[in-house]
Amino acid sequence: MTECEICGAEIKGKAQYIAIGVSELRVCKACARHGTAVVADKKAKAKIGGEPVLLARAKRKLYEQMDHEIEEGMEIEGDYGRKIKKAREKAGIKQAELAKRINEKQSLLRKIESEEIIPGEKVKEKIERVLKPFF
């Protein structure tokens with residue numbers, strides 16, 4: 001008897017193999033939707049560096065995409081914090097006042113201006129709405 005590694009139910013027919021994160025699980029058809037299909041037949045599974053081939057390829061593709069997005073973000077937003085600080089000072093607004101206007105914490109603005117973090121789209125929109133004339 002083979003049991004589903006998610007729900008514990010007896011697996012009738014062929015087991016499904018899925019990946020959730022770095023874990024590979026043998027599951028029933030109902031639980032297969034919770035992960036990425038690795039291989040339908042465990043005997044046919046090849047490995048690269050101890051991982052199933054499909055999982056290794058999926059991870060490599062994911063990491064390549066993440067690297068690409070990070071590189072794009074760095075190019076676009078490399079000096080975003082300095083631009084915000086310059087525009088805020090040009091407008092004659094203190095950090096605390098700008099934070100109040102955009103309904104965010106002053107510590108968040110400090111981190112943005114010192115380029116410790118890159119703000120999310122919503123925060124960017126609020127900052128740019130207030131400081132647009134000074135960019």
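Remark on Val38: its backbone amide H falls under 5 Å from those of Tyr17, Ile18, Ala19, a criterion applied only to residues 5 or more positions apart or on other chains, H modelled at 1.01 Å from N.
Just round it to a whole percent: the fraction of Cα-Cα distances in segment 78-134 exceeding 18 Å.
16 percent
For Glu3, the amide hydrogen comes within under 5 Å of the amide hydrogens of Ile11, counting only partners 5 or more places away or on other chains and with H modelled in the peptide plane.
Readers should treat all values here as calculations from the given coordinates under stated rules, not as data from a laboratory. Worth saying up front: this structure is predicted, and the values here are computed from it rather than measured.
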